[in-house]
1. In the set Glu77, Glu103, which member is modelled with pLDDT under 85, within 26 Å of Lys203 (Cβ to Cβ) and part of a strand (DSSP E or B)?
2. Return the residues of the range 285-295 that are under 30 Å from the mean Cα position of the chain (by Cα) and either closer than 17 Å to Ile317 by Cβ or crowded, with 16+ Cβ neighbours inside 10 Å (or both); say none if nothing qualifies.
3. Would you call Asp74 of a type in the set (Asp, Glu) and open to solvent by less than 10 Å² (accessible area, probe 1.4 Å)?
4. Return yes or no: is Ser147 more than 30 Å from Gln20 (Cβ to Cβ), at pLDDT 80 or above, out of contact with any Leu (no Cβ under 6 Å at 6 or more places or on another chain) and not charged (D, E, K, R)?
5. Out of Ser114, Ser110, report the one residue that is over 19 Å from Ser193 (Cα atoms), at pLDDT below 85 and open to solvent by 70 Å² or more (accessible area, probe 1.4 Å).
6. Of everything in the range 27-74 that's at pLDDT 80 or above and assigned to a loop (DSSP other than H, G, I, E, B), which residue is farthest from the chain's Cα centre (by Cα)?
7. Against the conditions (1) open to solvent by 20 Å² or more (accessible area, probe 1.4 Å); (2) more than 22 Å from Leu320 (Cβ to Cβ); (3) in contact (Cβ under 8 Å) with a residue 60 or more places away in the chain, where does Gln21 fall short? Just the number, please.
8. Select from the range 169-192 the residues that are out of contact with any His (no Cβ under 8 Å at 6 or more places or on another chain), at pLDDT 90 or above and of a type outside the set (Val, Ile, Thr) and write down the one among them that is surrounded by the most Cβ atoms within 10 Å (Cβ to Cβ).
Amino acid sequence: MANRNKKDEIREIFEGACAQQAPLIIATQYLKFESNLVHFEGNEVHAKTIAGGEDALSILKISNLDLRFPFRLDFIETSAKFVGIGTHAGSKTIKFSLPNSIEEKGGRHSTRLSDLGRAYATFKLAGQTLIRASMIDLSTTGTRLKSNVNLVVNKLQVNDRIMLSIYLPDEVAINNGAIIRHVDHRTFGLEFSPELSDSVVGKISKWAFMRQEKAKEQMSERVALSDQAARIATIAEKNKNDGGIVVITRDDEMDTTLQKLLGEGRQYYRIPPATVLMDYALSRKPQLIIFHVDNDHFAERLLMKSLAESIPMGVPILFLGTVIKAESLVELSQACGSVTSLQWMPSKSLFLQRLVLGIMRNFYGHAPSPTLPRED
């Protein structure tokens with residue numbers, strides 16, 4: 001594991017990663033974002049999140065970011081100072097300062113990928129039908145394959161040149177020439193010739209990185225599930241006297257979903273969007289009020305603004321939108337003085353849980369810390 005701190009080399013790595021729009025994982029004490037590196041300017045780097053969330057870092061007053069991204073077949077890890085919200089190509093970005101050091105997981109020129117799942121390759125020998133082989137490992141310089149049929153030695157010899165097609169899971173395909181470097185019955189090694197282009201290496205790198213991150217996420221979820229009972233009990237004890245969360249929605253299905261996500265170990269109340277019911281909701285002294293907006297009608301906007309005006313200062317408001325356009329949701333959220341808004345979809349469940357915990361901690365200081373599970 002190499003540890004580098006040369007500023008010019010770090011700059012070169014980030015410039016190259018931005019040029020390739022490399023995938024980037026941004027982890028904080030509260031949330032984890034999938035994003036892409038998009039722009040390098042001076043000593044600052046811009047990243048664009050995939051599902052939105054740039055404003056959440058400012059709202060939660062984040063200062064330090066943990067970063068993970070691929071560079072060729074290496075996986076880079078580092079920390080950086082959050083600078084603020086920027087713009088690039090007309091979109092909001094997360095800006096962070098160029099790190100002083102980086103850590104590379106493996107040697108950049110010799111890294112071999114061995115956890116390749118259902119990856120395979122195909123090739124033809126002279127006068128033969130198409131042969132399929134499973135992939136044992138893969139690097140930027142070559143690959144090792146195991147054929148599904150016995151290879152006749154005199155038809156596959158060292159220094160033979162073949163055309164090779166590689167198929168990685170998730171619809172990643174690569175076609176390149178290769179030279180046979182060793183043969184042992186069904187197993188044989190090949191050197192790419194010509195060398196893989198930067199665009200192909202970038203494609204492999206992104207695929208391997210996202211596969212690794214998916215495995216980490218699955219492990220974290222298993223750890224989280226195993227600790228769930230103890231965590232819920234702790235949260236319930238700490239928050240047994242608080243006013244919990246009020247959700248304003250007409251949608252029974254949304255209510256059920258949010259109650260499962262946010263109601264365990266904390267007081268949870270749901271009311272339809274009606275002025276007459278707000279007094280009851282506010283009498284519970286809620287710590288957070290969530291508005292569910294499921295349409296973009298003018299009357300709905302007026303109702304939401306009216307309900308929001310009755311909420312005391314200091315009680316954070318979060319807007320969740322379905323059906324409504326993102327621009328309209330942001331406009332309504334800002335008009336109602338909410339801390340942030342989020343276009344809802346089931347894939348954002350974990351994001352919403354951590355965002356709510358971060359808001360509660362930021363406003364009240366005593367909510368349990370929603371730190372990301374530690375990863376080996």
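The values are calculated or read from the model by the stated rules, or taken from the named source; none is laboratory data. Worth saying up front: this structure is predicted, and the values here are computed from it rather than measured. Heads up, the Cβs are rebuilt from the backbone with ideal geometry, glycines too, and the neighbour counts pull from every protein chain shown. In case anyone asks, the SASA skips ligands and DNA or RNA and just uses the protein heavy atoms, side chains included. Shrake-Rupley method; radii C 1.70, N 1.55, O 1.52, S 1.80 Å.
1. Values: Glu77 fails: modelled with pLDDT under 85.
Unique residue meeting the criteria: Glu103.
2. Narrowing the range 285-295 to residues under 30 Å from the mean Cα position of the chain (by Cα): 287-295.
Answer for the range 285-295, where residues must be under 30 Å from the mean Cα position of the chain (by Cα) and either closer than 17 Å to Ile317 by Cβ or crowded, with 16+ Cβ neighbours inside 10 Å (or both): Gln287, Leu288, Ile289, Ile290, Phe291, His292, Val293, Asp294.
3. Values: of a type in the set (Asp, Glu): yes; open to solvent by less than 10 Å² (accessible area, probe 1.4 Å): yes.
The answer is yes for Asp74.
4. Working: more than 30 Å from Gln20 (Cβ to Cβ): yes; at pLDDT 80 or above: yes; out of contact with any Leu (no Cβ under 6 Å at 6 or more places or on another chain): yes; not charged (D, E, K, R): yes.
Here the answer is yes, as Ser147 does meet what is asked.
5. Details: Ser110 fails: over 19 Å from Ser193 (Cα atoms).
Exactly one residue qualifies, and that residue is Ser114.
6. Top of the filtered list is Gly42.
7. (3)
8. Result: Leu190.
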